[in-house]
């Protein structure tokens with residue numbers, strides 16, 4: 001059996017997923033097109049990878065981030081751009097804020113880790129003012145959009161189990177749209193976002209894998225023979241260009257809606 005996925009290393013997460021999150025986040029914010037000077041809440045802000053983008057691109061009037069991992073929050077607090085942001089350890093299903101506190105709430109790469117996604121969305125709706133924005137993006141895990149889907153596939157071929165997020169079923173566009181509509185949000189829209197990332201070479205890719213919160217303990221529990229076999233299979237599956245670089249795509253699902261005014 002595999003245990004829960006633990007996000008306890010902000011620096012490692014930055015290389016493993018933070019870079020991917022910002023690639024998606026740029027396209028997501030272009031699509032969201034929020035007004036400047038809003039009061040933002042980043043739910044499940046993790047190590048602040050997306051929170052930093054809110055500062056750079058949205059000129060927030062106020063910025064709060066919550067996350068259950070104090071280790072991730074500690075890393076977020078070290079980002080110079082986030083020196084004025086307020087971070088708090090908290091649960092997405094019980095946000096520690098009054099009703100109508102924010103103009104916008106976002107859930108970046110988080111919803112599959114919320115045990116009750118509907119409760120998480122309803123909490124965002126509660127703390128966002130009427131007319132405000134509630135939005136999210138998440139890797140389309142069911143549809144093969146996860147950045148490290150190739151690793152997951154090869155591990156399954158080797159009969160190695162990986163922990164599964166509690167709400168992985170909510171990762172596709174249709175599921176997100178249904179959640180937002182069920183929460184009573186208006187003007188609901190959803191879309192896919194595809195991004196590409198390049199690794200310097202296979203060793204860069206492999207080292208990055210070892211920093212993943214689910215893959216790190218999985219690799220540590222495998223035999224040397226299994227690890228060697230995995231490397232061999234991945235190297236064949238992800239061919240490099242003439243310079244040795246590895247480039248491939250990942251796909252996320254995004255959704256947005258507006259809190260009703262009455």
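Every number here is computed from the coordinates shown, using simple stated rules; none is lab data. These figures come from a predicted structure and were not determined experimentally. Note that each Cβ is placed from the backbone with ideal geometry, even for glycine, and that neighbours are counted across all protein chains shown.
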Worksheet, complete the sentence: Among 139, 40, 31, the residue with the largest mean-square fluctuation in a Gaussian network model of the chain built from Cα contacts under 10 Å is 31
Practice prompt. Express as a percent, rounded to the nearest 5, the fraction of DSSP beta bridges in region 38-171 (both residues included) that run antiparallel.
Written response: 5 percent
Response to the item:
CD proxy, 222 nm, the chain: helix-only mean residue ellipticity via -39,500 (n - 2.57) per DSSP H run with n ≥ 4, per residue, nearest 500, stands at -10000 deg cm²/dmol
Discussion item. Over the chain, what is the relative contact order in percent, taking alpha-carbon pairs closer than 8 angstrom and at least six residues apart?
Written reply: 22 percent
Worksheet item: Quick one: length gained pulling residue 196 to residue 247 fully straight, 0.36 nm per residue minus the C-alpha distance?
Response: 17.7 nm
Fill in: Cα gyration tensor of region 188-262 - equivalent ellipsoid semi-axes, whole Å, descending
35, 18, 9
Worksheet item: Contour minus end-to-end for residue 236 and residue 153, with contour as 0.36 nm per residue of separation and end-to-end as the Cα-Cα distance?
Response: 28.5 nm
Worksheet, complete the sentence: Of all DSSP beta bridges having both residues in the chain, the percent classed as antiparallel (nearest 5) is 55 percent
Worksheet item: What's the Cα-based Rg to Rh of region 12-156, Rh via Kirkwood?
Response: 0.96
Worksheet entry | Rg/Rg_ref, the chain, where Rg_ref = 2.2 N^0.38 Å and atoms are Cα | 1.01
Worksheet item: Roughly what would the spin-label model give for residue 203 and residue 77, points 7 Å off Cα along C-beta, in nm?
Response: 3.7 nm
Worksheet entry | Separation of alpha-carbon centers, region 25-45 and region 194-212, rounded to whole Å | 26 Å
